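Written out below as structure tokens is the structure these notes cover.
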Amino acid sequence: MCRLVIITGLSGAGRTEALRAFEDLGYFCVDNLLPELVPKFAELVQKSSEVRGAALVIDMRGGAFFEDWQQSLEALTTSNVEHQIVFLEADEETLIHRYQLSRRQHPMQTEQRRLVEAIRREREVMLGMRGRADMVIDSSHLGPRQLRQRISEVFRLDQSTFGPRVRLVSFGFKHGLPKDSDLILDVRFVPNPHYVESLRDKTGNDPDVERFVMMSEVASETLSRFFELLDFLLPQYQKEGKPQVTVGIGCTGGQHRSVVFANRLAKHFEQMGIPVSVEHRDVPQP
């Protein structure tokens, strides 16, 4: 059966780069398809024995035709066509910067509507589509190569199973939440290595910090509860057809406790044979 992926999201958030990534993975790709043609496109690729994967982009460039997106997705569901929606977004400052560099006009920009207003209006219009997405990618801090890697990890056609993979992101609450998280776990109540002078300048990747964090009874109990919670939730996400589950693990600064917990969770999923990746967002890079 052909794997069908619908790419959508905000203008300037990386849809074109995402489509190129799918093309490199061997998908049959179509850009800027009118929503009303999506069911017919899905029917054609499902009939082909040569097409293992197909990816298409629908977005605001379709103008008034884009309003048909909801009916088109309902038609796919009614016809039992399995599909996944990838929604790309970025923060306002990043989108403005990208448009200034490209010198292209935003599809919703007019003489009366400035760029920033166009970006905000598009975000409002796309809220419904974002809510239907199986995977949301915030590309604010992703380069083209990182975006391609993220897509390749989840949508490779040579994978033996299309069950959800797990992406773990450690972070500091004082730096803001990871915007594309499906689930947030808070470990700020665990004893903080920051207040131990010999550990302050180290990170959760250091064995001394890991030992300090995990010697607490509350840390051990919390980790066990996290295992139980995620072991229960993953099959539920799989039933919904979600290709990737992003779990944010947060402490105050994102350098000690959250890193330890993310690493421990990663080992747990690896032992279960579940594909997993780990990102320590707020750990200073060498």
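Read-outs: derived from the displayed coordinates by stated rules, not from any lab. As the structure is a computational prediction, the values presented were derived from the model and not from experiment. FYI the Cβ positions are ideal-geometry reconstructions off the backbone, even for glycines, and counts take in every protein chain you see.
For the peptides 165-175, 15-25, 138-148, residues were scored by their other Cβ atoms within 10 Å and the scores averaged per peptide; the highest-first order is 165-175, 15-25, 138-148. Only the Cβ atoms of Lys and Arg (+1) and of Asp and Glu (-1) were treated as charged; on that basis the dipole of the chain about its Cα centre amounts to roughly 380 debye. Based on DSSP H segments of at least four residues, each scored -39500 (n - 2.57), the chain has a per-residue ellipticity at 222 nm of -12500 deg cm²/dmol. For the range 165-280, the Kirkwood estimate of hydrodynamic radius, built from reciprocal distances between every pair of different alpha carbons, is 14.3 Å. Charges were assigned to the Cβ only: +1 to each Lys and Arg, -1 to each Asp and Glu. The resulting dipole of the range 3-155 about its Cα centre is roughly 340 debye. The label-point distance for residue 177 and residue 195, in a model that sets each label 7 Å from Cα toward Cβ, rounds to 2.7 nm. Charged side chains reduced to their Cβ positions (Lys and Arg at +1, Asp and Glu at -1) give the range 132-286 a dipole of some 400 debye around its Cα centre. Return the FRET efficiency for the residue pair residue 114, residue 32: r is the Cβ-Cβ distance, R0 is 35 Å, and the value is rounded to the nearest 0.05. That gives a FRET efficiency of 0.90.
Between the residues 81, 110, 137, the greatest Cα displacement towards the positive end of the dipole of the range 36-143, with unit charges on the Cβ of Lys, Arg, Asp and Glu, is found for 110. For the pair residue 228 and residue 124, the difference between a 0.36 nm per residue extended length and the Cα-Cα distance amounts to 33.8 nm. Protection proxy ranking for 30-36, 217-223, using the average of other Cβ atoms within 10 Å per residue and placing the highest first: 30-36, 217-223. Taking only C-alpha pairs under 8 Å that are 6+ residues apart, what is the relative contact order of the chain in percent? Reported as a whole number, the value is 21 percent.
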